[in-house]
1. Looking at (1) open to solvent by 20 Å² or more (accessible area, probe 1.4 Å); (2) away from ligand 2 (no atom under 12 Å from the Cβ); (3) at pLDDT 95 or above, which is the only condition residue 448 fails?
2. Pairs, please: C-beta under 7 Å, at least 6 apart or cross-chain, first residue over 22 Å from residue 119 (Cα atoms) and assigned to a strand (DSSP E or B) and in the stretch 368-390, second within 14 Å of ligand 2 (Cβ to nearest atom) and of a type in the set (D, E, K, R)?
3. Considering the stretch 168-201 alone, what residues qualify as being surrounded by fewer than 22 Cβ atoms within 10 Å (Cβ to Cβ), under 20 Å from the mean Cα position of the chain (by Cα) and of a type in the set (Asp, Glu)?
4. Is it true that some residue in the stretch 136-151 is away from ligand 1 (no atom under 16 Å from the Cβ) and more than 18 Å from the chain's Cα centre (by Cα)?
5. Can you name the condition, by its number, that residue 131 falls short on among (1) within 16 Å of ligand 1 (Cβ to nearest atom); (2) crowded, with 24+ Cβ neighbours inside 10 Å?
6. Could you please give the count of residues in the stretch 110-145 that are assigned to a loop (DSSP other than H, G, I, E, B) and among the β-branched types (Val, Ile, Thr)?
7. Please go through the stretch 404-414 and pick out each residue that is of a type in the set (D, E, K, R) and either away from ligand 2 (no atom under 12 Å from the Cβ) or in a strand (DSSP E or B) (or both).
8. Looking for something within 16 Å of ligand 1 (Cβ to nearest atom), open to solvent by less than 60 Å² (accessible area, probe 1.4 Å) and part of a strand (DSSP E or B) - is there at least one such residue anywhere in the stretch 391-403?
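The values are calculated or read from the model by the stated rules, or taken from the named source; none is laboratory data. Just so it is clear, the structure is predicted and the values come from calculations on it, not from any experiment. Ideal geometry is used to build each Cβ from the backbone, glycine not excepted, and the neighbour counts take in all protein chains shown. Note: areas computed on protein heavy atoms with side chains; ligands, DNA, RNA excluded. Shrake-Rupley method; radii C 1.70, N 1.55, O 1.52, S 1.80 Å.
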Amino acid sequence: MSDDARFDDPETQPSRRRFLSQLAAGGALALAGCGRRQVMPSTEDAPALELRAARFSGAPDGRTKEIWGYNGQLPGPTIRAKEGDTLRVNVVNELGVPTTVHWHGMYQKGTWRMDGVENVSGLPILQDESFLYEFKAEPAGTHWYHSHAGVQYANGLFGPLIVEERTPIAAYDRDEVLLINDWFLQPADTLLAHLLDGKGMGQMDMKDVKGVKDVGDIPFQSGLINGKGRAPGDTKSPLTVIEVKKGETVRLRLINGSSTYYFRFQIDGLPLTIIASDGAPVIPAEVDNLVLAIGETYDVLIKADLDGPRWIRAVTLDGNEVLAVLRPKDSQAGEPEMDPVRWGPRHVTAEALRAREPADLSTQPREMPILLGGSMRPYRWSINGAYYLTPEAAPFVIQNGEHIRMKLTNPTDMDHPFHLHGHDFHVLGPAARLNMRDPARKNTINVPAKGEVVIQWLANNPGRWFFHCHIEWHLMAGMARIINLKPYH
Ligand code: C2O
Ligand code: CU
């Protein structure tokens, strides 16, 4: 193995820090273990936030199950910071198995070891140990955090991460986070095992995907909005209710924290003005609904002009519905009438969004073709014919300062939401019509089934990064790759 170090190279591993009580008391950071370059002297006195990862029981969709979550909440607590501030989050692991936290969307400029990808950024946090994540809150916008160890986040280990802009990107009265996720009764490891052995699981037999576009490898069960939902047949479990004052403008911060399903989002009869995606501001675009691929975030403004409650709908691409309620403040009304969704005509894809600033794009980038592949039996998903964690899946090696253009080609029958760590990329669109002028900046992009998308980014953040499909099962079945962006220390 060359110096493109693999995850078993001890030289590339951070020492595991033990979080000692002095820290909470504002004292010096105490470090255990050895290793160079691990000390990040802190000049700030802000106390660290604490996230305690543990198992607890709950029935978020009316069905009791063991949740893996943070601080006993589902989703985990919303973390808020001001753009440019240092975030310090002490993660205590009481799960009984190793874990990590990844700060989805954070650049981690110069702090790639804080990126929280199991065996890529560093070793996971062992049971009963803790780790202090410390990094700059940038870029601004709507982001999220989640476990990046195995398929753990599908059990509930996720939460919103909001970085408030120093310079406002829109005028609004207040904001609300709506974190949407799919939800399964079975533990994530069980679901993964059944996908991998291809046997299905009784009433959950794997889908036959021949000939039809497949929108999710595991049959849909239910979904949650801010931790509340209803399993099929349940008409009583509480839903999330957002109360709005007449005439106010609310910034909704939409996050798809799913493992398996995309959601089309709509609030009946209420236009959504998109102002940002994956944190980055875009030229405002008014739509009736939009699709959130897994891992994506959208910021939309709504003008609250309601005389009664409205459904907030998140619907899978095969029609399964997850609901919440938007309600005028002080109204006595309960839920709106149940009626099937009627989609408004206006929508937009990420490729059509335009950045507010013209992009400074190299016209002679290094081309890196990315070919996706996969099959349901055996259950395997690949990048350029290689499966992550096999020797063939050698890390991509990129030098600091290179302009990278990736044409992602997807001959499979499924959409794949691709996510890049440590950077944003510009979404140029399909190869035949590249937007070289003002493409949106994102960190997660849908690569459509039987389709393609071209992205371009400036590799300016040395480190060991991850690039992968954000469908958890695909990542674990091989659709991921390490990027060694050199020189890193
Ligand atoms: Cu949302 Cu590799 O992460
Ligand atoms: Cu995928």
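1. (2)
2. Qualifying pairs under 7 Å: 374/380.
3. 175, 176, 189
4. First, the residues of the stretch 136-151 that are away from ligand 1 (no atom under 16 Å from the Cβ): 136-138, 140.
The next check asks that each one be more than 18 Å from the chain's Cα centre (by Cα); those that pass are 136.
Looking through the stretch 136-151, at least one residue is away from ligand 1 (no atom under 16 Å from the Cβ) and more than 18 Å from the chain's Cα centre (by Cα).
5. Result: residue 131 fails condition (1) only.
6. To start, the set of residues in the stretch 110-145 that are assigned to a loop (DSSP other than H, G, I, E, B) comprises 110-111, 115-117, 119-121, 123-124, 126-129, 137-140.
Still in the list and also among the β-branched types (Val, Ile, Thr): 111, 117, 120.
So the answer is 3.
7. Taking the stretch 404-414 and keeping what is of a type in the set (D, E, K, R), we get 405, 407, 413.
Those that are of a type in the set (D, E, K, R) and either away from ligand 2 (no atom under 12 Å from the Cβ) or in a strand (DSSP E or B) (or both): 405, 407.
8. Let us first name the residues in the stretch 391-403 that are within 16 Å of ligand 1 (Cβ to nearest atom), namely 393, 395-396.
Those still in the list that are open to solvent by less than 60 Å² (accessible area, probe 1.4 Å) too: 393, 395-396.
Filter once more, keeping what is part of a strand (DSSP E or B): 396.
The answer is yes, given that some residue of the stretch 391-403 is within 16 Å of ligand 1 (Cβ to nearest atom), open to solvent by less than 60 Å² (accessible area, probe 1.4 Å) and part of a strand (DSSP E or B).
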